[in-house]
Amino acid sequence: MRLTLITRLAIRPASPAAPQRLSLAALAAIVLFGAAFAPAQPANDDCQDAEGIAEFGLFPWSNVGATTDGVAHLCPTISRQANSDIWYCWESGFDGPVRVSTCGQTTLDTIIAVYDGCDCGSPLITCSDDACGLQSRATFNAVASQFYLIRIGSFSTTLTGSGNLLFESGILAGPILSPDGGSVYYMTEAVTWHEGQAHAESLGGNLVTINSADENEFVRAGVLRFDGADRRGWIGFTDQDREGDFQWISGEPVDYTNWGGGEPNNAGNNEHYTELLGGSGQWNDVPFNHATTRFALIEVLLDPCTAPGVSQQPAPAEILACDGDTVMLSAAFSGNPAPQLQWERAPLSEPESFIPLIDGVSNGAMISGAQTGDLTLTGVLPADTGIYHCLAYNACGNVYTQTVTLRVNLRGDMNCDGATNNFDIDPFVLALVDPVEYAATYPGCDTRNGDVNCDGDFNNFDIDPFVSLLVGGP
Ligand code: MAN
Ligand code: CA
């Protein structure tokens, strides 16, 4: 306002009769006079100068000296302009219904508008005129880390003032756990049925679905009247799709109703939404727009806890590996919450003695993924021979996969003394030429140790690799 005034004064032509020097002095005096007495223009007077604020809390404001720069028709529901408007760019730290208000925070008759984004010209979300006396309270569904333009102005074209802007959660009650633990309830402020359903969806639920007299009483006494105050609340029961055919907006089947006497009566032919009465707990159909007296009763279903199940078994059940091989075992599981996993191993000789594996070197193999679905054993040795399975567990139970038996042979250890050296030459030859005599001479020893080239068979093709192994060749 002040800058505009100075500009206008500065370009006004001087009186042709007045001497130029006096005219300049007079102009300077007027400018100084104006600077000293015109009210200061708020720094956030214009939309493009919106002040950045964030999170819930109280933010002081003043629209004294502000001009009006926002669009003239603020809101379809409010005929008035928001005069002498000032602007904030608010960043939400919250997912769900948020209230921004001047209630109890000023004596000025205010108007508030909320826009989706901080660009000037962002679409209007909601606006409020008189929500609490002459002050304003707008409720909208915020998304964390998103920005919202907030416009505050005077109802009056001449009066301005100051106060605080209060940002707070629009949740009046909750989360309140249901007695069966299957859902949580919230109550948000008085809104239209559709706004209440939008609040519910922003919290991941719906307006409440009531399946029993017990639930009806819990919602009435424990949620709608959580603080003892008598209220009426919206429930998610509507015949908006077909007159007389009331359904739950959650899609759940209708297995309980608690209509008051004579209800639903579709009075005035426009009662398609259901209120729950805080006194009797009975239901009544009403129009959607009892926005100032019906509080939104919201139910969010909790994911049911389910014990883990095996959705992919590790396979095959028997694995033969040569020393140095990489062996991978994979398993996958269902369950909610997602189970924690632990691969375990038992010796062949003690098939019940499972020991949890940990990432790192164990028995020779480099182990990784011992607590994931994919166990990798890199560079296995005979000592890694054993029975493997994976345990999955969560709060609701546990499950084991089928077992995988891994046998790792030591290449060339034909006398089964745990080493490959020159003492293995004679048994190697014997195993090739007379397997029966070999089995008799080296009981419990397996000719598979002779499969030095690891092609799955013990035969003459293993001779050269066996010799190379002994002499330390490739
Ligand atoms: C009012 C409204 C109706 C309700 C009747 C009951 O008219 O609340 O929804 O059916 O009262 O008398
Ligand atoms: Ca009715």
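Relative to the present Cα-Cα distance, how much length would full extension add between V436 and Q48 at 0.36 nm per residue of separation?
Taking 0.36 nm per residue and subtracting the Cα distance, the gain is 130.2 nm.
Please work out how much length the chain gains when fully extended from E318 to N336, using 0.36 nm per residue of separation minus the C-alpha to C-alpha distance, in nm with one decimal.
Result: 3.4 nm gained on full extension.
In Å³ and rounded to a whole number, note down the convex hull volume per residue for the Cα atoms of the stretch 89-161.
Per-residue hull volume (Cα only) is 86 Å³.
Given N residues in the stretch 293-340, what is its alpha carbon radius of gyration divided by 2.2 N^0.38 Å?
Here the Cα radius of gyration is 2.25 times the empirical estimate.
Throw me the Rg/Rh for the stretch 306-409, computed over C-alpha atoms with Kirkwood Rh, two decimals.
Rg/Rh for the stretch 306-409 comes to 0.97.
Given the DSSP H assignment, sum -39500 (n - 2.57) over each helix run of at least 4 residues in the chain and divide by its residue total; what's the result at 222 nm in deg cm²/dmol, nearest 500?
Using -39500 (n - 2.57) per qualifying helix, the result is -4500 deg cm²/dmol.
From the P(r) of the stretch 47-169, could you give the percentage of C-alpha pairs in the tail past 26 Å?
Summing the P(r) tail past 26 Å for the stretch 47-169 gives 8 percent.
What percent of all Cα-Cα pairs in the stretch 232-325 falls in each 10 Å bin, counting up from 0?
Percent of Cα pairs in each bin: 13, 35, 17, 7, 8, 7, 7, 6, 1.
Using the Cα centre of the stretch 306-409 as origin and beta-carbon charges of +1 (Lys, Arg) and -1 (Asp, Glu), tell me which of A395, A332, G369 is placed farthest towards the positive end of the dipole.
Positive-most Cα among the choices belongs to A395.
Round to the nearest 10 and give me the degree value, 0 to 90, for the angle of helix 2-11's Cα axis relative to the longest principal axis of the chain.
60
For a Förster distance of 25 Å, can you work out the FRET efficiency between the beta-carbons of E252 and N398, rounded to the nearest 0.05?
0.20
Treating the Cα atoms of the chain as identical point scatterers in vacuum, please give the log10 of the normalised Debye intensity I(q)/I(0) at q = 0.08 Å⁻¹, two decimals.
Here log10 of I(q) over I(0) equals -0.72.
Counting only other residues whose beta carbon sits under 15 Å from that of G57, what net charge do I get with K and R as +1, D and E as -1?
Value of the local net charge: -3.
Going by C-beta contacts inside 10 Å, put Y393, Y273 in order with the fewest on the left.
Result, fewest neighbours first: Y393, Y273.
Between N363 and L302, what FRET efficiency follows from the Cβ-Cβ distance if R0 is 60 Å, with the result rounded to 0.05?
Efficiency for this residue pair is about 0.85.
Hey, could you get me the Stokes-Einstein D for the stretch 356-399, Kirkwood radius over alpha-carbon pairs, 25 °C and 0.890 mPa s, rounded to whole µm² s⁻¹?
Here the translational diffusion coefficient equals 215 µm²/s.
For the residues L108, L348, what sequence is obtained by ranking on other C-beta atoms within 10 Å, fewest first?
By the 10 Å Cβ count, ascending: L348, L108.
Using the eigenvalues of the Cα gyration tensor, what equivalent ellipsoid semi-axes result for the stretch 366-474 when each is taken as the square root of five times the eigenvalue, whole Å, largest first?
Taking √(5λ) for each eigenvalue gives 36, 16, 11 Å, largest first.
Provide R242, R411 in ascending order of the number of other Cβ atoms located within 10 Å of each residue's Cβ, fewest first.
Result, fewest neighbours first: R242, R411.
Can you list the cysteines of the chain that have no other Cys Cβ under 4.7 Å away?
Cys with no partner Cβ under 4.7 Å: C390.
With a/c under 1.5 counting as rounded, go ahead and sort the stretch 173-301 into rounded, prolate or oblate using the C-alpha gyration tensor (a ≥ b ≥ c being the square roots of the eigenvalues; past the cut-off, prolate if a/b is larger than b/c, else oblate).
Because its axes are fairly even, with a/c under 1.5, the stretch 173-301 counts as rounded.
Each reported figure results from applying straightforward, stated rules to the coordinates on display, with no laboratory input. Just so we're clear, the structure is a prediction, and the values are computed from it rather than from any experiment. Reconstructed Cβ throughout: ideal geometry from the backbone, glycine too, with neighbour counts over all protein chains shown.
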